[in-house]
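A.B. asks: I'd like to ask you about the structure that follows.
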């Protein structure tokens, strides 16, 4: 699956979260928390939805919206990179 296809599916998952601003143009630099009005806790719903959408398992406790190590919000591109990494580690099931 191409990164473009993955990004489109990630965008769909993020925008499906209740409270996401639908009137914002999404790019790889878009940050769900700062640009789409979502909260860190919404990342839990996003993680579950990403696992369902891509048939992957995200390592324990990862929040797709927040990088706890760097203490900053993740971008859509960061989330795509997480998904790509997990698709690859799943043996290319997608």
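The values are calculated or read from the model by the stated rules, or taken from the named source; none is laboratory data. Here the structure is a predicted model, which means the values were calculated and not measured. So basically every Cβ, Gly included, is an ideal-geometry build from the backbone, and we count neighbours across all protein chains shown.
A.B. asks: How many of the residues making up the stretch 35-49 are closer than 10 Å to residue 65 by Cα and assigned to a helix (DSSP H, G or I)?
C.D. replies: 5
A.B. asks: Okay, next question. Go through (1) more than 10 Å from the chain's Cα centre (by Cα); (2) within 14 Å of residue 86 (Cα to Cα); (3) free of Cβ contacts under 8 Å to residues at least 40 places away in the same chain one by one and return the number of the condition residue 53 breaks.
C.D. replies: That leaves (3) as the condition not met.
Table: residues versus (1) at pLDDT 95 or above; (2) assigned to a helix (DSSP H, G or I).
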site	(1), (2)
22	no, no
29	yes, no
33	yes, no
51	yes, yes
57	no, no
60	no, no
63	no, no
80	yes, yes
86	no, yes
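A.B. asks: Would you pick out the residues in the stretch 65-78 that are within 11 Å of the chain's Cα centre (by Cα) and either in a loop (DSSP other than H, G, I, E, B) or at pLDDT 95 or above (or both)?
C.D. replies: Hits for the stretch 65-78 are 65, 74, 75, 76, 77, 78.
A.B. asks: Answer with yes or no whether residue 60 is closer than 16 Å to residue 14 by Cα and surrounded by fewer than 17 Cβ atoms within 10 Å (Cβ to Cβ).
C.D. replies: So residue 60 fails the test.
A.B. asks: Please enumerate the residues belonging to the stretch 17-30 that are surrounded by fewer than 17 Cβ atoms within 10 Å (Cβ to Cβ) and more than 19 Å from residue 87 (Cα to Cα).
C.D. replies: 18, 19, 21, 22, 23, 24, 25, 27, 29
A.B. asks: Based on what the data block shows, is residue 6 out of contact with any helix residue (DSSP H, G or I) (no Cβ under 7 Å at 6 or more places or on another chain) and at pLDDT 95 or above?
C.D. replies: No: the conditions fail for residue 6.
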